[in-house]
Amino acid sequence: MDMFNLCIIKPNKNAFSETFIQEHIDRIKANKKVLYGGAFPLYDDDGKFLIRSKIGLLSYFIQKRIFKKQEINVRTKALARYLKLNNIDVVLAEYGMVGAMVAAACKHAGIPLVVHFHGADAHHNKTISTYKKLYKKAFSYSSAIIAVSNDMVEALKGLGAPAKKIVLNPYGVDAAKFPQIDISQSGPDFLTIGRFVEKKSPVSTVRAFKKVHEKHPEARLWMVGTGALYEDVKATIERLNLNDQVTLTGVLTSGDIHKLMKKMRCYVQHSVTAADGDMEGTPNTILEAGSSGLAIVSTQHAGIREAVINGETGYLVPEHDIDGMATYMIKIAEDVQLAVELGAKEAAHIRKNYDIHDRIDILTNILKQAIKKD
């Protein structure tokens, strides 16, 4: 089987932090349709509403907004009709809650379903509570369930996913877009990238950097992104008198991030398990920094423990260990040759185990196998 008809269903039309989904859209070799609009798709790739009739729309809004129903027959039928009209061979649901909500439509249309989990959908307490019953239906119907870390594999088993259906396939990085850079002439410059949310604990990164700055006043930190904790981060920077040492860039394009990486020595990320259970999958930013040959200091969290070999290709500390993180950041600030050696080993590790072409080939094969099983 060469070409096949694939429908990718994602929750958001555009999200700067979901580059992994865009990689699927751009790289999987298939005739693709893309739907979006929350946990259940409402719009096609032309922005047209899937439910076309006025009566259907009225029924949908009444059941959703007044009765708070998850399983809405008119919506399920609209999606099933769309899949059949477009001769879809297989559906790839990006995020577990999307898979949970579309499984009935796929079953109704007789089209195989592959559910790709990414992070919060396998760990966030409220999400799991909201979708648990529908998860079980999706687990039963789906042909395959994709996890991006060993932690996630175990979490999905705990939620009732059949072990034989779970496939571990982490994200990948394009080494051509993130080639290894020469950091031998770099200063003690640190970079972190990501949404400012609890599971990425950006305030912890700032607090660790404060300890670095106390020993090395010339050190600098760049923080790329935005999010709910932005004001907390900004206030922490001001309280610790780091306004001249920490730069908040806001959201940057992939190209601008790569340009910034060329000026850095070390990538830092203090990922933690949030109070509500939310966790990372395998952060793309770690893979991109690793491919670029930056030294990495992060935490012993989710897929990071596989993407970075602690003590060999980078340093990982326990979650919330700010002193430990600072200690390794100081070590790298004081020894550029150590940073070079760590970065080179990490770049080789990423190229061997996280090449985007290999990851997409595996995902494509999973989708083709789902079609064959049908």
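Please say if segment 314-368 is rounded, prolate or oblate, where rounded means a/c under 1.5 for a ≥ b ≥ c the square roots of the C-alpha gyration tensor eigenvalues, and otherwise the choice is prolate for a/b larger than b/c and oblate otherwise?
In terms of gyration-tensor shape, oblate.
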Give me the distance between the Cα centres of segment 328-374 and segment 138-158, rounded to whole Å. 21
Compactness summary of segment 68-115: radius of gyration and Dmax from Cα atoms, Å, are 10.1, 31
Chymotrypsin sites (Phe, Trp or Tyr not before Pro) within segment 64-110: which are DSSP loop residues with at most 10 other Cβ atoms inside 10 Å? F67
Kirkwood hydrodynamic radius for the chain: how many Å is it when counted over pairs of different Cα atoms? 21.6
With springs connecting C-alpha atoms under 10 Å apart, model the chain as a Gaussian network and identify which of G96, G227, G119 has the largest mean-square fluctuation. G227
Which pairs break 28 Å Cα to Cα here: K137/K373; K68/K136; K157/K177; K177/K373; K29/K164; K13/K69? K157/K177; K177/K373
Got a number for carbon plus sulfur as a percent of the chain's accessible area, 1.4 Å probe? 49
Helix 356-373 sits at what angle to the longest principal axis of the chain, using alpha carbons and giving 0 to 90 degrees rounded to 10? 20
Hey, what did the chain get for relative contact order, percent, Cα under 8 Å, at least 6 apart? 17
Report, in deg cm²/dmol and to the nearest 500, the calculated mean residue ellipticity at 222 nm for the chain, where each DSSP H run with n ≥ 4 adds -39500 (n - 2.57) and the sum is divided by the residue count. -13500 deg cm²/dmol
R0 = 45 Å: FRET efficiency of E341 with Y141, Cβ-based, nearest 0.05? 0.40
Segment 193-295 - Rg over Rh from alpha carbon coordinates, Kirkwood radius: 0.94
What residue among L50, L338, L85 has the largest mean-square fluctuation in a Gaussian network model of the chain, using Cα springs under 10 Å? L85
Net dipole in debye of segment 1-155 [+1 Lys, Arg Cβ; -1 Asp, Glu Cβ; about Cα centre; nearest 20]: 980
Among G324, G255, G99, determine the one that fluctuates most according to a GNM of the chain built with springs between C-alpha atoms less than 10 Å apart. G255
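With a cap of 16 neighbouring Cβ atoms within 10 Å, and only residues DSSP puts in a loop, list the trypsin sites (Lys or Arg not before Pro) found in segment 109-194.
Taking segment 109-194 and a limit of 16 other Cβ atoms within 10 Å, the loop trypsin sites (Lys or Arg not before Pro) found are K177.
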With the charge dipole of segment 230-340 built from beta-carbon charges (+1 for Lys and Arg, -1 for Asp and Glu) about the Cα centre, the Cα from V340, M279, Q269 projecting farthest to the positive end belongs to V340
Measuring with a 1.4 Å probe in the full set of protein chains, what accessible area per residue, in whole Å², belongs to the chain? 43
Quick calc, the chain, dipole around Cα centre from Cβ unit charges on Lys, Arg (+) and Asp, Glu (-), nearest 20 debye, gives 2160
Separation of alpha-carbon centers, segment 83-101 and segment 247-270, rounded to whole Å: 34
Determine, for each peptide in 240-252, 258-270, the mean count of other beta carbons within 10 angstrom over its residues, then list the peptides with the highest first. 258-270, 240-252
Report D for segment 225-284 in µm² per second (integer): Stokes-Einstein, Kirkwood Rh on Cα pairs, 25 °C, 0.890 mPa s. 176
If we restrict to alpha carbons, what Rg and Dmax does segment 110-161 come to, in Å? 10.5, 32
Just need the relative contact order of segment 237-367 here, percent rounded to a whole number, with Cα pairs under 8 Å and 6+ apart. 23
For the chain, the charge dipole (Cβ of Lys, Arg +1; Cβ of Asp, Glu -1; about the Cα centre) points to a positive end, and the Cα of S53, L35, N125 closest to that extreme belongs to S53
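The values are calculated or read from the model by the stated rules, or taken from the named source; none is laboratory data. This one's a predicted model, so the numbers in the text were calculated from it and none came from an experiment. We place every Cβ from the backbone using ideal geometry, glycine too, and count neighbours over all the protein chains shown. Each accessible area value is taken on the protein alone, full model and side chains, heavy atoms only, with ligands, DNA and RNA left out. Shrake-Rupley method; radii C 1.70, N 1.55, O 1.52, S 1.80 Å.
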